[in-house]
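Take a look at the structure below.
The values are calculated or read from the model by the stated rules, or taken from the named source; none is laboratory data. What you see is a predicted model, and the numbers here were worked out from it, not measured in a lab. Heads up, the Cβs are rebuilt from the backbone with ideal geometry, glycines too, and the neighbour counts pull from every protein chain shown.
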Amino acid sequence: MDLTGKSALITGASRGIGRAIALRFAGAGANVALLARSADALEEVAAQAGARGAKTLTLPCDVGSASAIDSAVAEAVDVFGGLDILVNNAGSVGSAGPFLELTDEDWAHVLAVDLTAVNRFLRLFGRHATARGSGSVVNISSVAGERGCPMLSHYAAVKAAMNSLTRTLAAEWAASGVRVNAIQPGWVATDLTASFHADQGASEALMRAVPARRWASPEEIGDGALYLAGDAAAMVTGAILTIDGGMAACNGGPAMIDLLALGRVEMP
């Protein structure tokens, strides 16, 4: 999984999953354009990526601004002489709650950051990559997009849309040499989920639904992104790679997982 000579643009690169992906790519030889709102945090990641031998570019950017996205992508293409990889990782939940209590503003926020901005990055990168005849997209989705997710209906709906868009663009762009895949993580220990994984009671309750009984690390998602981005996955497009410790595979949820404690049971 060697990315030597390739250039990647990673959104939401200042922390968590985005940071882990950026450092994985840098360690594999890629040049990395790092995009997020926080300039200071991006500089820290850039220093770590540079220590791994990568050429870096920091792009402070509010993905809610179409013109800011346009300028950032243009700068990355200009500085690196082109882009080979796009990672759509930037995202936001905003507020969580029952469907009937979520407001128009709650929905608008998630749609703007998690879908409208992604759409713009895809169009800009897609035009560039299909013209060049090569490229790889890795969208960071969520298992929420595959299963019902109470309290996160807006986020789940957007991630389901991302999964569908991933498959559609994979089919549209395959003949042009551009691959489009997604990763749908389960529960990952990041700053965004700190209020859950730092609370022992909440963490234990959530992990009841995970057969592996633990949180994923951002680096484990980074490993998946590294595989999908590079030539090791040259024939992989339209795939949704699930990295969740078996959560989506267990259709019965926590109740069925708890039955494992019973061991062998004879059924009449």
So TRP107, is it part of a helix (DSSP H, G or I), in contact (Cβ under 8 Å) with a residue 40 or more places away in the chain, under 24 Å from LEU9 (Cα atoms) and hydrophobic (A, V, I, L, M, F, W, C):
no
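Got a sec? Which of MET162, MET151 is touching a Gly at 6+ places or on another chain (Cβ under 8 Å), farther than 25 Å from ALA30 by Cβ and not polar (S, T, N, Q)?
Working: MET162 fails: farther than 25 Å from ALA30 by Cβ.
After applying the criteria, what remains is MET151.
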Could you tell me which numbered condition LEU228 fails, if it satisfies all but one of (1) over 13 Å from the mean Cα position of the chain (by Cα); (2) under 24 Å from ARG19 (Cβ atoms); (3) surrounded by 14 or more Cβ atoms within 10 Å (Cβ to Cβ)?
(1)
Out of (1) at positive phi; (2) buried (at least 22 other Cβ atoms within 10 Å of the Cβ), what's the single condition that is false for ASN89?
(1)
Quick check on the range 30-56: of everything there that is in a helix (DSSP H, G or I) and touching a helix residue (DSSP H, G or I) at 6+ places or on another chain (Cβ under 7 Å), which residue is nearest to GLY230 (Cα to Cα)?
ALA49
Set ARG37, ARG24: member being over 25 Å from HIS109 (Cβ atoms) and touching a residue at least 12 places away in the same chain (Cβ under 8 Å)
ARG24
Within the range 118-172, residues more than 18 Å from ILE17 (Cβ to Cβ), in contact with a strand residue (DSSP E or B) (Cβ under 8 Å, 6 or more places away or on another chain), in a helix (DSSP H, G or I) and free of Cβ contacts under 8 Å to residues at least 60 places away in the same chain come out as LEU122, GLY126, HIS128, ALA129, THR130, LEU165, LEU169
Taking the range 208-224, which residues are surrounded by fewer than 20 Cβ atoms within 10 Å (Cβ to Cβ) and not in a loop (DSSP other than H, G, I, E, B)?
GLU219, GLU220, ASP223
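Sort through LEU165, LEU192 and tell me the only one that's surrounded by 14 or more Cβ atoms within 10 Å (Cβ to Cβ), under 19 Å from THR242 (Cα atoms) and under 18 Å from the mean Cα position of the chain (by Cα).
LEU165
Residue by residue, here is whether (1) modelled with pLDDT of 95 or more; (2) of a type outside the set (D, E, K, R) holds:
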| site | (1), (2) |
| --- | --- |
| GLY201 | no, yes |
| MET207 | no, yes |
| VAL210 | no, yes |
| ARG213 | no, no |
| ALA216 | no, yes |
| GLU220 | yes, no |
| ASP223 | yes, no |
| ALA229 | yes, yes |
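Give the residues of the range 1-19 that are aliphatic (A, V, I, L, M) and surrounded by 24 or more Cβ atoms within 10 Å (Cβ to Cβ), sorted by residue number. Steps first, please.
So in the range 1-19, the residues aliphatic (A, V, I, L, M) come out as 1, 3, 8-10, 13, 17.
Once the filter is applied, which keeps residues that are aliphatic (A, V, I, L, M) and surrounded by 24 or more Cβ atoms within 10 Å (Cβ to Cβ), the range 1-19 yields LEU3, ALA8, LEU9, ILE10, ALA13, ILE17.
Can you name the residue in the range 138-152 that is out of contact with any Pro (no Cβ under 9 Å at 6 or more places or on another chain) and buried (at least 20 other Cβ atoms within 10 Å of the Cβ) and is also farthest from ALA229 (Cα to Cα) among such residues? Let's see the steps before the verdict.
Of all residues in the range 138-152, those out of contact with any Pro (no Cβ under 9 Å at 6 or more places or on another chain) come to 138-139, 144-149, 152.
Those left that are additionally buried (at least 20 other Cβ atoms within 10 Å of the Cβ): 138-139, 144-145, 152.
Numbers: VAL138: 7, ASN139: 10, ALA144: 23, GLY145: 21, LEU152: 29 Å.
Restricting to residues being out of contact with any Pro (no Cβ under 9 Å at 6 or more places or on another chain) and buried (at least 20 other Cβ atoms within 10 Å of the Cβ), the top hit is LEU152.
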When you go through (1) modelled with pLDDT under 95; (2) under 20 Å from the mean Cα position of the chain (by Cα); (3) surrounded by 17 or more Cβ atoms within 10 Å (Cβ to Cβ) one by one for VAL32, which number turns out not to apply?
(1)
A careful count of residues in the range 153-162 that are surrounded by fewer than 21 Cβ atoms within 10 Å (Cβ to Cβ) and under 21 Å from LEU241 (Cα atoms) gives 4
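So that you can scan it fast, the table gives a plain yes or no per residue for (1) under 19 Å from GLU146 (Cα atoms); (2) in contact with a Leu (Cβ under 7 Å, 6 or more places away or on another chain):
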| position | (1), (2) |
| --- | --- |
| ALA202 | no, no |
| LEU206 | yes, no |
| VAL210 | yes, no |
| ASP223 | no, no |
| LEU228 | no, yes |
| ALA234 | no, no |
| LEU241 | yes, yes |
| ASP244 | yes, no |
| ALA248 | yes, no |
